[in-house]
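The values are calculated or read from the model by the stated rules, or taken from the named source; none is laboratory data. Model, not experiment: these values are computed from the prediction. No Cβ is skipped: glycine too gets one built from the backbone with ideal geometry, and neighbour counts run over all protein chains shown.
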Amino acid sequence: MSHSPLHLIWFRNDLRLNDNPALFNAAKAGSVVGVFFICEKQWQEHNDSPAKLGLIADRLREFSKELKQKNIPLKIIAVDYFTEIPGKLTQFCKKHAIHDLWFNNEYPLNEKKRDDQTEQELKKISVTSHRFNGDVILPPGSVLNNSGSMFQVFTPFSNAWRLRANPEILTAFKPPRKQSELAIESDEIPQFGGEYRTDLWQVTTKSIHSRLHKFVERSEQSYKELRDFPAINATSTLSPYLTIGAVGIRECIQVLIETNSDEAFHRQWLTELIWREFYRHLIATNPRLSQGLCFKPVADNLQWQVNQSNFQRWCDGKTGFPIVDAGMRQLKQTGWMHNRVRMITAAFLTKLLRIDWRLGEAHFMQHLMDGDFASNNGGWQWSASVGADSVPYFRIFNPYRQAEKFDPQGNYVRKFVPELSSINDKKIHQPSTLSCETLGYPNPMIDYASERKKTLEIWSEFLNTAR
Ligand SMILES: Cc1cc2nc3c(=O)[nH]c(=O)nc-3n(C[C@H](O)[C@H](O)[C@H](O)COP(=O)(O)OP(=O)(O)OC[C@H]3O[C@@H](n4cnc5c(N)ncnc54)[C@H](O)[C@@H]3O)c2cc1C
């Protein structure tokens, strides 16, 4: 049994032993005990999907076993809201004579407030907080333009990021060493969250690492060319694990560097990971984004259509636009949607139905396994032309052309809209009225060309009067 002072590590979206800077440093400092807070009401307010929470619960069970092998006990505390956490941690630290708290930063406003309050409260009882940036390679605020502010455009951010990311920064942190046994028992992980497709989303570290390795091994050439085709399994599908922190960003990059030498693939996959960082840096440096506001302040005055029945048809995958419906049904059935189709469905809602992007953002969060505030908010603001470096308002995705280009054989649509499976490749993306009626599939809920025209008129008038 050890009698050295205990260190507390507070796990949140970093449920891993490897590449966890807070855990690595806490374990170097002394004996460690872990804590995780279940915050059901807060998660509900943040629209976290039952499926994602179910994944977190299962991952926690696995993670607790891994921690046990290192003799690190994991305690579980249930609260309703984040605001209760500083008090609970104060009690915990007093009870176990803890003087140091270790954690990895989270960047949305509520999370940041919670962490700052915790740090202040614990200071009052002489507990020092040690904060790390485990969820990103380069901390927010460290990649700035020449005038010392956050970039508003992705490409210069990405160029500056690449210049700063040296091999030392990219190296994953090692797992903690095995410590002496402590006289503290781990808690059972209670049931929380909902059901999800456990056949698609496994939670052991071995299975997650195998997903990463297999993806990196098979992706030479194919990723850059095929990543936009939703019928093809060409992307990593690691997003749920990156979101809940079951795999680390440095681990991903290390495997990429060690396993695959194809330069085009490296560059492209790294670019996607840098998009993830771009949105995290934006969230951390611009509180408006966590308050439901547009990155471009002028866009807060845009008038959106209020039309519950149109919104519901979009949610249910019954718009009569096969590629849109396939995406919305993939989301509900699997908890994941291909990136190209996220862009198509988001553009359909915001640019053709002209419904508020915030409703789409919330619906995605309520169903995604990888629901991540920064990336989801960034993706929606991009699609609605109200965000940083977002698509220009006059670029309106044509769902028919997008489908023909990126699902040329209609295999993606056939998989998720099976009522259309008998239609040939040429017609599947725009079935005739007769086919729709015979097959029990809705006719298009809008006329694409006239809605596109209306949107262009509304936006150009809005921008003229806003000037
Ligand atoms: C409207 C909309 C909403 C989105 N919501 C989310 C979300 O809630 N959570 C989420 O993780 N991603 C979101 N994305 C980004 C992207 O669609 C997913 O990250 C990607 O589809 C995940 O698949 P993958 O893991 O196979 O990606 P890969 O192509 O293998 O990319 C690797 C990783 O890079 C990151 N990444 C890739 N593309 C992006 C991007 N455009 N923006 C930010 N990060 C990216 C993800 O972490 C991803 O796992 C959204 C995009 C849009 C357009």
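Residue by residue through the stretch 337-373, note down the ones that are of a type in the set (A, V, I, L, M, F, W, C) and near the ligand (Cβ under 8 Å from one of its atoms).
Step one: filter the stretch 337-373 for residues of a type in the set (A, V, I, L, M, F, W, C), giving 337, 341, 343-344, 346-349, 352-353, 355, 357, 359, 362, 364-365, 368-369, 373.
Hits for the stretch 337-373 are Met337, Met343, Ala346, Phe364, Met365, Leu368, Phe373.
Out of all the residues in the stretch 399-416, which are in a loop (DSSP other than H, G, I, E, B), buried (at least 22 other Cβ atoms within 10 Å of the Cβ) and not charged (D, E, K, R)?
Matches in the stretch 399-416: Gly410 only.
All but one of (1) over 30 Å from Glu66 (Cβ atoms); (2) within 15 Å of the ligand (Cβ to nearest atom); (3) surrounded by 17 or more Cβ atoms within 10 Å (Cβ to Cβ) hold for Tyr241; which doesn't?
(1)
Of the residues Phe265, Phe229, which is in contact with a helix residue (DSSP H, G or I) (Cβ under 8 Å, 6 or more places away or on another chain) and either at pLDDT below 95 or more than 13 Å from the ligand (Cβ to nearest atom) (or both)?
Details: Phe229 fails: either at pLDDT below 95 or more than 13 Å from the ligand (Cβ to nearest atom) (or both).
None of the other options fit; the residue is Phe265.
Which helices (runs of 4 or more DSSP H) does the stretch 258-360 wholly contain that include 2 or more residues that are within 26 Å of Glu217 (Cβ to Cβ) and aromatic (Phe, Trp, Tyr)?
Details: elements: 263-285, 308-316, 322-334, 339-347.
So the answer is 263-285.
Out of the residues in the stretch 417-447 that are of a type in the set (Ser, Thr, Tyr) and out of contact with any helix residue (DSSP H, G or I) (no Cβ under 7 Å at 6 or more places or on another chain), which is surrounded by the most Cβ atoms within 10 Å (Cβ to Cβ)? Walk me through how you get there before you give the answer.
Applying the first criterion (of a type in the set (Ser, Thr, Tyr)) to the stretch 417-447 yields 421-422, 432-433, 435, 438, 441.
Of the ones still in play, those that are also out of contact with any helix residue (DSSP H, G or I) (no Cβ under 7 Å at 6 or more places or on another chain) are 422, 432-433, 435, 438.
Details: Ser422: 11, Ser432: 11, Thr433: 9, Ser435: 17, Thr438: 12.
It comes out as Ser435.
If you go through the stretch 374-390, how many residues are within 6 Å of the ligand (Cβ to nearest atom) and hydrophobic (A, V, I, L, M, F, W, C)?
Looking only at that region, the number is 1.
Exactly one of (1) out of contact with any strand residue (DSSP E or B) (no Cβ under 8 Å at 6 or more places or on another chain); (2) within 25 Å of Glu106 (Cβ to Cβ) is unmet by Asn133. Its number?
Result: Asn133 fails condition (1) only.
Which of the residues that make up the stretch 26-55 are surrounded by fewer than 19 Cβ atoms within 10 Å (Cβ to Cβ), in a helix (DSSP H, G or I), in contact (Cβ under 8 Å) with a residue 60 or more places away in the chain and under 26 Å from the mean Cα position of the chain (by Cα)?
Scanning the stretch 26-55 gives Glu40, Pro50.
Report yes if some residue within the stretch 391-398 is of a type in the set (Phe, Trp, Tyr), crowded, with 16+ Cβ neighbours inside 10 Å and in a loop (DSSP other than H, G, I, E, B); otherwise report no.
Narrowing the stretch 391-398 to residues of a type in the set (Phe, Trp, Tyr): 393-394, 397.
Subsequent filtering for residues that are crowded, with 16+ Cβ neighbours inside 10 Å retains 393, 397.
Checking the rest, the ones that are also in a loop (DSSP other than H, G, I, E, B) come to 393, 397.
Within the stretch 391-398, one or more residues are of a type in the set (Phe, Trp, Tyr), crowded, with 16+ Cβ neighbours inside 10 Å and in a loop (DSSP other than H, G, I, E, B).
How many residues does the stretch 276-303 contain that are within 25 Å of Thr350 (Cα to Cα) and surrounded by fewer than 19 Cβ atoms within 10 Å (Cβ to Cβ)?
Number of matching residues: 12.
If I ask for residues that are more than 16 Å from Asn411 (Cβ to Cβ) and either buried (at least 24 other Cβ atoms within 10 Å of the Cβ) or free of Cβ contacts under 8 Å to residues at least 40 places away in the same chain (or both), which ones from the stretch 315-334 would you list?
Asp316, Thr319, Phe321, Val324, Met328, Leu331, Lys332
When you go through (1) of a type outside the set (A, V, I, L, M, F, W, C); (2) more than 9 Å from the ligand (Cβ to nearest atom); (3) surrounded by fewer than 17 Cβ atoms within 10 Å (Cβ to Cβ) one by one for Glu272, which number turns out not to apply?
(2)
Inside the stretch 74-116, can you point out the residues that are surrounded by fewer than 16 Cβ atoms within 10 Å (Cβ to Cβ) and in a helix (DSSP H, G or I)?
Listed by number, the residues that qualify are Thr83, Gly87, Lys88, Gln91, Lys94, Lys95, Lys113, Asp116.
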